[in-house]
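Here's the structure, in structure tokens; my notes come after.
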Amino acid sequence: MKPSDKTLAKEILRRGALSGTVIEEQLKLIENTPVSLKTVLVEKELMPEHDLLQILSGLYNLEVINLRNYPVDPLAVEHVPVRFAWYYKFMPVKVTGKTVLVACANPLDLKVQDEIRVHLALEPQIVLAKEQDVLDALNKYYGLAADTLERMSKEAAGKPGSEGPLGAAVENLDEGAQDATVTRLVNQILLEAYKKRATDIHIEPYRNTVRVRYRIDGSLVNANIPAAVREFLPSIISRIKIISNLSIVEKRLPQDGSAVVKTQEQTLDLRISTIPTPHGESMVVRILPTHVMLLSLEKLGLDQKNLEVFRRLVKRPHGIILVTGPTGSGKTTTLYACLNEINSTDRKIITLEDPLEYEMEGITQIQVNPRVDLDFAIGLRSILRHDPDIIMVGEIRDLETAEIAIRTALTGHLVFSTLHTNDAASGITRLIEMGLEPFLVSSSIEAFVAQRLVRIICPHCKEEDLTQPPDIKEELAASLGMNDLKYVKIFRGRGCDFCNQTGFYGRTAIYEILVMDEDVRAAILEKQRTEQIKRLAVKRGMTTLRQNGWQKVLAGITTPAEVLNVTVRDEPDGEEYPPAGHMPGIPAPALPGESKNVRLVDKDILSVKDDYNSRAYERAEEKVNIRYSIVRQDPQNPLKLFSDQVEHASVTRDISAGGLRFVSGYTLPVGTIIDVRIQLAGAEKSIDCLARVCRVEDDNLSAMFNIVVYYLDIPSADRVRIDHFVQEQRKKKKESPGL
């Protein structure tokens, strides 16, 4: 037994903090081990660490510091080798002359102090700090796993590639003892990611370095690993491949696998994906708990109004509820919260997912497997033979899956699924573009729920933000119907150790719920445009994504920047929209004669030269979001144009000030006129003009079409805007050719 443990035990007994029996049991437990009495008392939660530090402080006349807020001198870190600091578990804080101030969780033995004097030629001055704070400081200032990498570099002697035999089916991250092996290094990387609440680990090789990043709260942050990790990249990749049953020989093709690992707290499910790069394999590890942390609807971020709407929706006996949003917007979590709300012994619930992200008690879950031709459509047909009450389909990707889901809903089942669209109303257009008849959409869908994730302001460093520009407050007030700006208070996170200096801790969702009532169903049957349906839903009480985001800003939950990053500005109510029309492949409706929505054009506009193919302007191979609708000519007067009612979304392959090339799932006849809206990155105002199809390219690899158009009536100022945008993109690519 160490003298310091015996002294601490006597003082605890003297103060009556613990009984003699408990102390004797703990002393026997640590006998002949390097573990200190203080450590075991803290781990078993027998005494708070703060109280133990105060006892030690009185016994040894040592100062107790808060290492999280204590300034660390970089010169002190340079003076003390990483292996020395890690071995004795102390953090060098400051060097003054021949004295080094070191922070440790337990008083250092005289032998250790002598080691510091001999090897560092410095006199140690000891202060006490929490053990986790010391370990965090070592990781922060020396780098994650710095001691392991240094020892590996010496022990491997130029042979860093031995990974050891394949371990058990479930890898234990807490094991690995003190050996400097690749296994221990990988365990440290995974364990650190889990402790920091990371959802993904990105391992990215470059010519002379390797970048390891964690995705925390939706943002990537550097893992602070020493540059020496570059030498062991092949070994790290091979080790992760081994535990995920991937081929360590194949390095030329992408691979996907999975693994199960455990920590002291819980078991984790890892999803591993590799891709080949010129400088080695790049890997992403997705971290998922094997048991979903069941969320109630209240914890999703729903306000009281939307919560009541949600509760009514999930209790409906049949129909389809679609959650829409981009990848990574929390759609699956919302669906699981819905299932958790209605899961009971008298209901049969089956899910069909790709991938199966969480395990949930009381629910039958199916993993899509393309290798054996088990896709969503085939799986959905088989599910119906198992007499389910409720079905969750991971995603509606194609017409066949959509049709089966609708038939399932129409035959008395409640179906939950997801769709990739920008807002709730766009889900209607997306389904019709797939090929569904409007009457099927209107009769089977109960609601479209659009959602986005925004980061939550860190509660430990939250403060009022007085630097926000007035136009932000004005838009917030106008959106929420507030008349006095003095009630608009905006907050931010200053940045602290608790939130890794980001100012944010955790995420919440903002929602837009479009409930299908009689008016909305009628609008769908009339094939009205997305904006018209959205405006109708807002008039009937729907809160838009932007408005819900502003509500959370006003409540001090998030910042304006978070809301602006994931939402678009709501259109003003008074804006005129193009008239209704039809979908491609459906006979054109009768022309409305002298309707006020008729667009008159000059004859010269329709005969403008093709500036796209003449290369009058430089092009940039850039992805730019566009929306367009088909335009028809009046047979009696070709100078009268009528816009189609359905607006389609697409993305460009390249763009110039003379025209653009975009992707389409169907072909358009050469000569077709379209009404196109171009949204340049970073621009607040879109560019609207007419364009004519001059070429159609069949992309055999993707079963898509490239539609080439040139502008007809684009204003000169907008043409200059596009040209400036193209020049900037080309300049960026020249400056960063590898991007």
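From the list PHE504, PHE448, PHE491, which one is touching a Cys at 6+ places or on another chain (Cβ under 7 Å) and among the aromatic types (Phe, Trp, Tyr)? Don't jump to the end; show me each part of the working.
Numbers: PHE448 fails: touching a Cys at 6+ places or on another chain (Cβ under 7 Å); PHE491 fails: touching a Cys at 6+ places or on another chain (Cβ under 7 Å).
Exactly one residue qualifies, and that residue is PHE504.
Would you confirm, using the coordinates I've provided, whether SER258 is open to solvent by less than 50 Å² (accessible area, probe 1.4 Å) and either at pLDDT 90 or above or not basic (Lys, Arg) (or both)? Reasoning before the result, please.
Working: open to solvent by less than 50 Å² (accessible area, probe 1.4 Å): no; either at pLDDT 90 or above or not basic (Lys, Arg) (or both): yes.
No: the conditions fail for SER258.
Could we say that LEU67 is in a loop (DSSP other than H, G, I, E, B), crowded, with 17+ Cβ neighbours inside 10 Å and not basic (Lys, Arg) here?
On the way: in a loop (DSSP other than H, G, I, E, B): yes; crowded, with 17+ Cβ neighbours inside 10 Å: yes; not basic (Lys, Arg): yes.
When the stated conditions are applied, LEU67 passes them.
For the subset of region 325-382 comprising residues that are hydroxyl-bearing (Ser, Thr, Tyr) and surrounded by fewer than 18 Cβ atoms within 10 Å (Cβ to Cβ), which member is farthest from ASP423 (Cα to Cα)? Can you show your working first?
To start, the set of residues in region 325-382 that are hydroxyl-bearing (Ser, Thr, Tyr) comprises 327, 329, 332-334, 336, 344-345, 351, 358, 364, 382.
Checking the rest, the ones that are also surrounded by fewer than 18 Cβ atoms within 10 Å (Cβ to Cβ) come to 327, 344-345, 364, 382.
Numbers: THR327: 13, SER344: 31, THR345: 35, THR364: 30, SER382: 31 Å.
Result: THR345.
Any idea how many residues of region 547-558 are open to solvent by 20 Å² or more (accessible area, probe 1.4 Å) and in contact (Cβ under 8 Å) with a residue 40 or more places away in the chain?
In the first step, residues of region 547-558 are kept if they are open to solvent by 20 Å² or more (accessible area, probe 1.4 Å); the result is 547, 551, 554-555, 557.
Restricting the remaining residues to those that are in contact (Cβ under 8 Å) with a residue 40 or more places away in the chain gives 547, 551, 554, 557.
Residues that pass the stated criteria total 4.
Can LEU233 be described as touching a residue at least 24 places away in the same chain (Cβ under 8 Å), open to solvent by less than 20 Å² (accessible area, probe 1.4 Å) and in contact with a strand residue (DSSP E or B) (Cβ under 8 Å, 6 or more places away or on another chain)?
yes
Please work out which residue is nearest to ASP136 (Cα to Cα), limiting yourself to region 512-532 and to residues that are open to solvent by less than 50 Å² (accessible area, probe 1.4 Å) and in contact with a Ser or Thr (Cβ under 6 Å, 6 or more places away or on another chain).
Applying the filter and picking the extreme gives GLU512.
One residue is enough: does region 247-262 have a residue meeting the conditions out of contact with any Pro (no Cβ under 6 Å at 6 or more places or on another chain) and under 30 Å from ALA137 (Cβ atoms)?
Within region 247-262, one or more residues are out of contact with any Pro (no Cβ under 6 Å at 6 or more places or on another chain) and under 30 Å from ALA137 (Cβ atoms).
I'm checking my understanding of the structure. Among residues of region 70-87 that are part of a helix (DSSP H, G or I), surrounded by fewer than 18 Cβ atoms within 10 Å (Cβ to Cβ) and not acidic (Asp, Glu), which one is nearest to the chain's Cα centre (by Cα)? Outline the logic, then answer.
Initial filter on region 70-87 (part of a helix (DSSP H, G or I)): 74-79, 82-87.
Narrowing the set further to residues that are surrounded by fewer than 18 Cβ atoms within 10 Å (Cβ to Cβ) leaves 74-75, 78-79, 83-84, 87.
After this cut, where a residue has to be not acidic (Asp, Glu) as well, the list is 74-75, 79, 83-84, 87.
Numbers: PRO74: 34, LEU75: 38, HIS79: 40, ARG83: 36, PHE84: 39, TYR87: 37 Å.
So, considering only residues that are part of a helix (DSSP H, G or I), surrounded by fewer than 18 Cβ atoms within 10 Å (Cβ to Cβ) and not acidic (Asp, Glu), the one nearest to the chain's Cα centre (by Cα) is PRO74.
Got a sec? Which of ALA509, ALA561 is within 19 Å of the chain's Cα centre (by Cα), buried (at least 18 other Cβ atoms within 10 Å of the Cβ) and modelled with pLDDT of 90 or more? Working first, answer last.
Numbers: ALA561 fails: buried (at least 18 other Cβ atoms within 10 Å of the Cβ).
Every option except ALA509 fails the conditions.
Hey, could you check region 693-724 for residues that are free of Cβ contacts under 8 Å to residues at least 40 places away in the same chain and assigned to a strand (DSSP E or B) and say which is most open to solvent (accessible area, probe 1.4 Å)?
For region 693-724, the residue satisfying everything is ASP698.
Taking region 651-683 as the region of interest, how many residues are among the aliphatic types (A, V, I, L, M), crowded, with 17+ Cβ neighbours inside 10 Å and over 26 Å from LYS640 (Cα atoms)?
Of the residues in that region, 2 qualify.
Cβ-Cβ under 6 Å, sequence separation 6+ or interchain: first residue in region 667-690 and under 17 Å from THR652 (Cβ atoms), partner assigned to a strand (DSSP E or B) and of a type in the set (S, T, N, Q). Which pairs?
Pairs that qualify, where the first residue is under 17 Å from THR652 (Cβ atoms) and the partner is assigned to a strand (DSSP E or B) and of a type in the set (S, T, N, Q), are ASP675/SER629; ASP675/SER643; GLN679/ASN625; SER686/GLN679.
Restricting the search to region 1-12, which residues are hydrophobic (A, V, I, L, M, F, W, C) and open to solvent by 80 Å² or more (accessible area, probe 1.4 Å)? Spell out the reasoning first.
Residues of region 1-12 that are hydrophobic (A, V, I, L, M, F, W, C), as a first pass: 1, 8-9, 12.
Answer for region 1-12, where residues must be hydrophobic (A, V, I, L, M, F, W, C) and open to solvent by 80 Å² or more (accessible area, probe 1.4 Å): just MET1.
Exactly one condition in (1) in a helix (DSSP H, G or I); (2) within 30 Å of the chain's Cα centre (by Cα); (3) farther than 30 Å from TYR487 by Cβ is not met by GLU475; state its number.
(3)
Collect the residues in region 81-131 that are basic (Lys, Arg) and free of Cβ contacts under 8 Å to residues at least 24 places away in the same chain, keeping them in residue-number order. Explain how you work it out, then say what you get.
Keep residues of region 81-131 that are basic (Lys, Arg), which gives 83, 89, 94, 98, 111, 117, 130.
Passing the criteria: LYS94, LYS111, ARG117.
Please go through region 236-255 and pick out each residue that is surrounded by 13 or more Cβ atoms within 10 Å (Cβ to Cβ) and either under 24 Å from the mean Cα position of the chain (by Cα) or closer than 17 Å to GLN188 by Cα (or both).
Within region 236-255, ILE236, ILE237, SER238, ARG239, ILE240, LYS241, ILE242, ILE243, SER244, GLN255 meet the criteria.
Tally time: how many residues in region 510-529 are in a helix (DSSP H, G or I) and touching a Pro at 6+ places or on another chain (Cβ under 8 Å)? Before the answer, list the steps.
First, pick out the residues of region 510-529 that are in a helix (DSSP H, G or I): 518-525.
With the extra rule that they be touching a Pro at 6+ places or on another chain (Cβ under 8 Å), the set shrinks to 524-525.
The number of residues fulfilling the criteria is 2.
Is it true that ARG535 is at pLDDT below 90, touching a Phe, Trp or Tyr at 6+ places or on another chain (Cβ under 9 Å) and open to solvent by less than 10 Å² (accessible area, probe 1.4 Å)? Spell out how you get there, then give the answer.
Numbers: at pLDDT below 90: yes; touching a Phe, Trp or Tyr at 6+ places or on another chain (Cβ under 9 Å): yes; open to solvent by less than 10 Å² (accessible area, probe 1.4 Å): no.
The answer is no for ARG535.
Within region 18-36, is there a residue that is open to solvent by 20 Å² or more (accessible area, probe 1.4 Å), of a type in the set (Gly, Ala, Ser) and closer than 18 Å to ARG117 by Cβ?
No - not one qualifying residue is present in region 18-36.
Yes/no matrix, rows are residues, columns are (1) in contact with a helix residue (DSSP H, G or I) (Cβ under 8 Å, 6 or more places away or on another chain); (2) among the basic types (Lys, Arg):
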{"position": "THR267", "(1), (2)": "no, no"}
{"position": "GLU281", "(1), (2)": "yes, no"}
{"position": "VAL285", "(1), (2)": "yes, no"}
{"position": "ARG312", "(1), (2)": "no, yes"}
{"position": "ILE321", "(1), (2)": "yes, no"}
{"position": "THR333", "(1), (2)": "yes, no"}
{"position": "GLY362", "(1), (2)": "no, no"}
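Being of a type in the set (Phe, Trp, Tyr) and surrounded by fewer than 22 Cβ atoms within 10 Å (Cβ to Cβ) is the filter here, so list the residues in region 401-456 that pass it. Step through it out loud before you land on a result.
To start, the set of residues in region 401-456 that are of a type in the set (Phe, Trp, Tyr) comprises 416, 439, 448.
Residue satisfying the conditions is PHE439 alone.
What tally of residues in region 624-641 results from selecting those that are open to solvent by less than 20 Å² (accessible area, probe 1.4 Å) and either at pLDDT 80 or above or in contact with an Asp or Glu (Cβ under 7 Å, 6 or more places away or on another chain) (or both)?
6
What are the residues in region 89-144 that are among the aromatic types (Phe, Trp, Tyr), assigned to a helix (DSSP H, G or I) and open to solvent by less than 50 Å² (accessible area, probe 1.4 Å), if any? Reasoning before the result, please.
To start, the set of residues in region 89-144 that are among the aromatic types (Phe, Trp, Tyr) comprises 90, 141-142.
Within this subset, residues satisfying the condition of being assigned to a helix (DSSP H, G or I) are 141-142.
Within region 89-144, TYR142 is the sole residue that qualifies.
Can you tell me which residues in region 25-64 are within 43 Å of the chain's Cα centre (by Cα), of a type in the set (Ser, Thr, Tyr) and not in a helix (DSSP H, G or I)?
SER36
The values are calculated or read from the model by the stated rules, or taken from the named source; none is laboratory data. Since the structure is predicted, the reported quantities are computational estimates derived from the model, not experimental observations. All Cβ positions, glycine included, derive from the backbone under ideal geometry; neighbour counts span all protein chains shown. These accessible areas exclude ligands, DNA and RNA; they are computed on the full protein's heavy atoms, side chains included. Shrake-Rupley method; radii C 1.70, N 1.55, O 1.52, S 1.80 Å.
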